[in-house]
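Just below is one structure, and these are the notes that go with it.
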Amino acid sequence: MRLLLKILLVLALLIAAVVTLAPFLIDQRPVAAGGDSHQPATTPGQFLTIPFPGTDRLDIHYLDAGSEARGPVFLLLHGFTLNAFTWGPVLEAFAVRGRAIAYDQPPYGLSAKPAAGDWTAENPYAKESAIAQLFAVMDGLGVERAILVGSSSGGTLALEAALARPERVQALILVAPWVFAQRPTLPRWLAELPQLRRVSLLIARKLGDQTLLRYSYRDPARINSERESLARVHASLAGWDLAWGELLNRSLSTPVDVGQRLAEVRQPTLLITGDTDKLVPPADTERVAAALRAATLVTLPDCGHVPQEECPGPFIDAVGTWLKGLDQLGPVR
């Protein structure tokens, strides 16, 4: 029995040593990359520099189409690991109805990718920072008020922004918002351990291959080579993996708690879900709709997590129908 206990103790110590020391084998040097974010060879867009405390300012890549003379401003917010090009199939359809702006939230796409040591104040990947950056983009582009269109975690950001500055958010269009989906949340001290920081970097590199893009479609065969290339545009910039690792590490200790405040959202809201969404189940989006004061829910058949990409026609039809009735809605009380 004593021998068995000794063997089990040795095994336990070996396992603990592997768990504790193995992450230190992860190489922290940035993966090879090339290119200049201000000179994308094949990608459209413009750049805006916004202020952010503790940095030399942040460069934001964005797409801008249409005109405010046609109607409202639509600010399009992409989801986790994606970028502004997720809105490519529907950007012009929004532009016909007003001005459509889609930007890469740092550190995604061609926007700034600050890594550890690049800031001296608030972490640029904190939830509050993402909200501040959203309104800084609006200020920089001369937008006083907008309809926020958010996909997945972009929908979460849209809700947070609507709660933070309701006077600047006219309405919400939320596409499978990440509100009730569960993920682990760790204490900040634990997330900041060197081992977990390196694990965050390892996961970031895996996600950088756009593993989630194929999982976001009901039928991955619908993803063409151009879409795959635009989804990986971040990899043309040096240090993208270090920046993604920083964002992932921060997210480990940031709970998604906006679901507790949905009754406070007063803007009219359209919710869209694909009927075969594997990342945010349709039932989660239905739950968000039920908790909001003025919500319309549309479920699109034969669509996954990113219907703006996979099913752009039905997606825009749903948006157009809802917008026709938007002017008839009175203030939500």
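Read-outs throughout are calculated quantities, based only on the coordinates presented, and are distinct from any laboratory measurement. Everything quoted here is computed from the prediction, not taken from an experiment. Cβ sites come from the backbone with ideal geometry, for glycine too, and all protein chains shown count toward neighbours.
Key figures for this structure:
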item	result
DSSP bridge orientation in the chain - percent antiparallel, rounded to nearest 5	30
Cα gyration tensor, the range 219-333 - rounded (a/c under 1.5), prolate or oblate	oblate
DSSP-defined beta bridges in the range 55-167 - what % are antiparallel, rounded to 5	35
Positive-end extreme of charge dipole, the chain - chosen from A231, P184, A318 (charges on Cβ)	P184
Theoretical ellipticity at 222 nm over the chain - DSSP helices of four or more residues, -39500 (n - 2.57) apiece, nearest 500	-11500 deg cm²/dmol
The range 110-147: GluC sites (Glu not before Pro) in DSSP coil with no more than 11 other Cβ atoms inside 10 Å	E144
Label-to-label distance, nm, for residues given as Q260 and L186 (7 Å Cα→Cβ offset)	2.2
Within the range 39-168: Cβ-based charge dipole about Cα centre, in debye rounded to nearest 20 (Lys, Arg +1; Asp, Glu -1)	300
Sorted by Cβ density within 10 Å, fewest first, the residues K324, K113	K324, K113
The range 53-160: projected area of the alpha-carbon convex hull, averaged over directions, in nm²	6.3
Computed magnitude of the charge dipole of the chain (debye, nearest 20; Cβ of K, R +1, Cβ of D, E -1)	920
Peptides ranked, highest mean first, by Cβ atoms within 10 Å: ranges 162-172, 45-55, 299-309	299-309, 162-172, 45-55
Relative counts (whole %) of C-alpha pair distances in the range 43-109, using bins that are 5 Å wide	4, 18, 25, 22, 17, 9, 4, 1
Three-way shape label, the chain, alpha-carbon gyration tensor, a/c 1.5	prolate
Alpha-carbon centroids, the range 72-88 and the range 90-119: separation in whole Å	7
Volume of the Cα convex hull of the range 111-160, divided per residue and given in Å³	99
Dipole moment magnitude, nearest 20 debye, the range 215-333 about Cα centre, only Lys, Arg, Asp, Glu C-beta charged	420
0 to 90° range, to nearest 10: angle between helix 88-97 axis and the chain longest Cα axis	30
